[in-house]
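Worksheet: the structure to be examined is printed underneath.
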Amino acid sequence: MDKRSSARKKKVLVIMGTRPEVIKLAPVVEALNRPEKAWSRKTESARKTGGRFRTIICLTGQHREMVEPFLKIFGLKPDYDLRVMVPNQHLGELTGRVLAGMKKVLEAEKPDWLLVQGDTTSAMAAALAAFYQKIKIGHVEAGLRTDDKYNPFPEEINRRLISHLTDFHFAPTELARQNLLAEGVRPENIFVTGNTVVDALKMILKKSGREDKKIKENRAAGREKIIRITEIGATEQERGEPAGRSADRSTGQKNSGFSGGKSGASERGDFVSGSGLNRAEETLSFDRVKKIKKLILVTAHRRESFGQGLEGICRAILEIVGRIKEAEVIFPVHLNPAVRKTVLSRLKGQERIHLVEPLDYVTFVHLMRRASLILTDSGGIQEEAPSLGVPVVVMRETTERPEAIQAGVAWLAGTDPEKITRLAVRLLKKVEDREFRRGLSRRNPFGDGRAGLRISRLLKPGDT
Ligand code: UD1
Ligand code: UDP
């Protein structure tokens, strides 16, 4: 690339704060970085728009250990890391730290576009910082709504605020477009692209095929360790060790030495959690997982469920494994101390319930494919399930993804233990029926795996 063409390159600053943002923005970064030649597909030959971007990745560091393995898996190398995370972080303080850090990065880089994804506090605060400097904002996964201010909390308000600040709204579905139109967003600024999670899942399914082969090869060579899942052992408090390290903070510094820290550690089976609460002691091998007849994969992390909701979720899990003897639960426990405290105190040491550290994406996708049922309050997992044909019980009072329910792959249960148990027991029976299972794997209503490409193309026209 000569100097002149380099100078013409449009600069796109991509913000990543949490695990799902890395997953869902990785395909966009990949598309932005594609060489120009790769764009001229037959059907799109009239719009050779690619390869003109200079992509800069800024981590806010809202999540730390939980994003590092994902950066590695997608081959992403951040240019900045604001390192804002502190244990048990307060939303207002988190917002302040992201705003302050972003000011410096935006002043230094002066990008043409800022891209944010979803509804996290990182995305909201970064968009606000860009607005203050009159930088154009593209919002990936725009237009999701529950119309309930406190469900999910604070995400419903985060995404509404982002919509007010945004110039280009990349809506994953037609329903999301309608939501934005109903709020007065101009139709010419809304683009239905599909959800980039489908792109990410496809990228990982390719990798996971290679991984399956690697697992077999490793097993044959007697190197089973690297395919182990880490089970959570005793807490540091229980062992009388001091609480975890305090987070180091810095803002707006060019990330000269991004080391990746414990990146990929969970793959090695020696993951040490950043919350400082738990350390691995036992392991759960893939061979053992293979023997589970009815695998139930569980995740839970929503702030609005802390307390009674999460207690209800734990009671339901105990009830389900009590009733169904062939069932075993694998529950990668989110690093949020509020989640860990409840989940570990209620479920640790229970037979057929494996509490494990957060898993890297390849391992998690492997388990989703292997599962008979998923119980979750995650947004991304609701979107992935239709591609994998696994039934999902959504442990939330509302969902901004009714498309999964309409597609017949997800069921809304709330956090009432009886309702979750009833649905789970019914679905565990139903999945044995081939017809039912076949009906679950249909076209994914959230996208076709080309959302990232569409978004990168849309950043070009009419914005010079
Ligand atoms: C955040 C997002 C939520 C998203 C979720 C994805 C907000 C307000 N919430 O929720 O929308 O669905 O991420 O998982 O933006 N922690 C670690 N290491 C990590 C990550 C978290 O130790 O790598 C611990 C820290 O103590 C941290 C706490 O978890 O303070 C909470 O993290 P935070 O990002 O505020 O909330 P999440 O519940 O993860
Ligand atoms: N995920 C993962 N490992 C785990 C749990 C989840 O790779 O141990 C993936 C999951 O497949 C999905 C994303 O993380 O793509 C969802 O993240 P999370 O539930 O934290 O956030 P949400 O989607 O609710 O915002």
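In loop segments of segment 320-395 as defined by DSSP, the GluC sites (Glu not before Pro) with at most 16 further C-beta atoms inside 10 Å of their C-beta are Glu326, Glu351. Amide H to amide H, with H built 1.01 Å from N, Met16 comes under 5 Å of Cys58, Leu59, Thr60, counting only residues 5 or more places away or on other chains. The 3J(HN,Hα) values that the Karplus relation (6.51, -1.76, 1.60; θ = phi - 60°) gives for segment 13-18 are, in residue order, 9, 9, 9, 10, x, 10 Hz. Gly and Pro appear as x.
Along its three principal directions, the equivalent ellipsoid of segment 296-343 from the Cα gyration tensor extends over semi-axes of 20, 12, 7 Å, largest first. For Ala221 and Lys293, a Förster radius of 30 Å and the Cβ-Cβ distance give a FRET efficiency of 0.60, rounded to the nearest 0.05.
Loop-located trypsin sites (Lys or Arg not before Pro) across segment 313-394 with a Cβ neighbour count of 10 or fewer within 10 Å are Lys325, with loop assigned by DSSP.
Subtracting the Cα-Cα distance of Asp167 and Val425 from their residue separation scaled by 0.36 nm leaves 88.3 nm. For Ala410, the residues 5 or more places off, or on other chains, whose built amide H falls under 5 Å of its own are Val392, Ile405. Were the residues from Arg323 through Arg346 laid out at 0.36 nm apart, the gain over their Cα-Cα distance would be 6.5 nm. Modelled label positions at Lys207 and Ile405, each set 7 Å beyond Cα in the direction of Cβ, lie 3.3 nm from each other. Backbone phi angles across segment 20-25, fed through the Karplus curve with coefficients 6.51, -1.76 and 1.60 (θ = phi - 60°), yield HN-Hα couplings of x, 5, 5, 4, 7, 9 Hz in residue order; Gly and Pro are listed as x.
Any of Lys72/Lys206; Lys72/Lys460; Lys24/Lys103; Lys9/Lys103; Lys136/Lys202; Lys206/Lys290 with alpha carbons more than 18 Å apart? Name them for me.
Lys72/Lys460; Lys24/Lys103; Lys9/Lys103; Lys136/Lys202; Lys206/Lys290
State the answer as a single residue: which of Asn195, Thr166, Ala126 lies farthest towards the positive end of the charge dipole of segment 96-212, with beta carbon charges of +1 for Lys and Arg and -1 for Asp and Glu, about the Cα centre. After comparing all options, I get Ala126. One decimal place: the segment Glu418-Tyr150 gains 94.2 nm when fully extended, by the rule 0.36 nm per residue minus the C-alpha distance. The Arg370 and Lys11 beta-carbon pair, evaluated with R₀ = 45 Å, returns a calculated FRET efficiency of approximately 0.60.
Spin-label model, Gln308 to Leu91: label points 7 Å out along the Cα-to-beta-carbon direction sit 1.9 nm apart.
As a calculated quantity, the FRET efficiency between Ala108 and Lys134 at R0 = 22 Å, using C-beta atoms, amounts to about 0.85.
Within segment 62-155, the trypsin sites (Lys or Arg not before Pro) that combine a DSSP coil assignment with at most 14 other C-beta atoms in a 10 angstrom radius are Lys134, Lys149.
Laboratory data are not the source of any read-out in this text; all were calculated from the coordinates shown. Owing to the predicted nature of the structure, the values given are computational and were not obtained by experimental measurement. With ideal geometry, Cβ positions are generated from the backbone for all residues, glycine too; neighbour counts draw on all protein chains shown.
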